[in-house]
1. Given the conditions (1) farther than 24 Å from Ala80 by Cβ; (2) assigned to a strand (DSSP E or B); (3) of a type in the set (A, V, I, L, M), which single one is not true for Leu236?
2. How many residues are part of a strand (DSSP E or B) and closer than 16 Å to Gly158 by Cβ when one looks only at segment 212-233?
3. Run Trp107 past the list (1) assigned by TED's automatic domain parsing to the domain that holds Pro285; (2) assigned to a helix (DSSP H, G or I) and report the number of the one that doesn't hold.
4. Going through segment 261-310 one residue at a time, which ones are among the β-branched types (Val, Ile, Thr) and exposed (fewer than 15 other Cβ atoms within 10 Å of the Cβ)?
5. In segment 156-169, which residues are within 20 Å of the chain's Cα centre (by Cα) and either surrounded by fewer than 24 Cβ atoms within 10 Å (Cβ to Cβ) or in a strand (DSSP E or B) (or both)?
6. Scan segment 251-280 and report the pairs whose first residue is assigned by TED's automatic domain parsing to the domain that holds Glu83 and in a helix (DSSP H, G or I) and whose second residue is modelled with pLDDT under 95 and surrounded by fewer than 24 Cβ atoms within 10 Å (Cβ to Cβ), with Cβ atoms within less than 7 Å and a gap of 6+ or a chain change.
7. Take the conditions over 21 Å from Val131 (Cα atoms) and at pLDDT below 95 and apply them to Pro273. Does it pass?
8. Quickly run through segment 207-260 and pick out the residues that are basic (Lys, Arg) and surrounded by fewer than 16 Cβ atoms within 10 Å (Cβ to Cβ).
Amino acid sequence: MRGVRNTDDGIRVVEVPAHPEGAVRVSVAASGICGSDLHLASFGPSAVTLGHEFCGRLDDGSPVAVLPVLSCGRCGRCRAGDEQLCAQALGSMYGVSLDGGLADEAWVDPRCAKPLPPGVALSDACLVEPVAVALHGINRAGVVAGARVLVIGAGPIGLCTIAAARSLGADVDLLANRTRRVEAGEFLGARSAVGNEYDIVLEAAGVQSSMDRAVELVRPGGTIGILGSFWDPVALNLGFQMKEVTLVPAFTYGHHHGTSEFEDAVRVLEAVPALADAVITHRFPLDDAAEAFRVAGDRSTDAIKVVVEP
């Protein structure tokens, strides 16, 4: 079985073992490359198969998206529906600490294989995971119908956030730099004419300048939701304090009003079929995984979401 790992020679497709004990086999159909995969690759060689955004078919032919976080289900946070806060979450994540979906096959806990409806194309269902991230962020930030929302950043998470917020009836503007990404956001229904005093600003870029703009453009007493990953420290200026802004971080996904956000992401993807056309810009066969990672990490390619298909 082939799988993508970060080796002493960089990203390579290698033979990897199967782990069938207590698991179900997913014949992978598509696996997205996330920005966190690029960061993990920069940390050096690893014995784990990469890929936490993936989908495929079970042995009986059923199409599934894979929830990549295997929480314990027993701790207080899990019982409260906050599986993303489970102490063992990072230690039990497919593609991070357990073998993931950049492979021919993946073996996952049966609880992680989430059924897909006929309206979701299997080739696009690797987007369920980033949509779930977006849903968790907007739920945490309190996005509701009619809210004035600004999304900063139009990478995969930013674009998924636009689709998810629009599906809730929010009024969404987009602040982004690159033309292709701005056009993708407009395609999903966001306006690129930026105003001010937004009820909620959703930061999806993960850089200092985007945080500064979020503080500038949110209304006094408003909310800034953090969906981007800050790999370096970020500073808050005096305006943040003077406006009495509420800062709401978000990490992966859990439940909202008793509903699984990962499963709710399937609904969003089904309701917004244009999302895949807006977000997925490149597809590569598994044997070309090294090139897929190069394209995903090279700003000059103008890639948004790069998908690998066995």
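The values are calculated or read from the model by the stated rules, or taken from the named source; none is laboratory data. Keep in mind that this is a model prediction, so the values were computed, not measured. FYI the Cβ positions are ideal-geometry reconstructions off the backbone, even for glycines, and counts take in every protein chain you see.
1. Unmet for Leu236, out of (1) farther than 24 Å from Ala80 by Cβ; (2) assigned to a strand (DSSP E or B); (3) of a type in the set (A, V, I, L, M): (2).
2. 3
3. Failed condition: (2).
4. Thr301
5. Once the filter is applied, which keeps residues that are within 20 Å of the chain's Cα centre (by Cα) and either surrounded by fewer than 24 Cβ atoms within 10 Å (Cβ to Cβ) or in a strand (DSSP E or B) (or both), segment 156-169 yields Arg166, Ser167, Leu168.
6. Qualifying pairs under 7 Å: Glu261/His255; Val268/Ser167; Glu270/Gly119; Ala271/Ser167.
7. No: the conditions fail for Pro273.
8. Arg219
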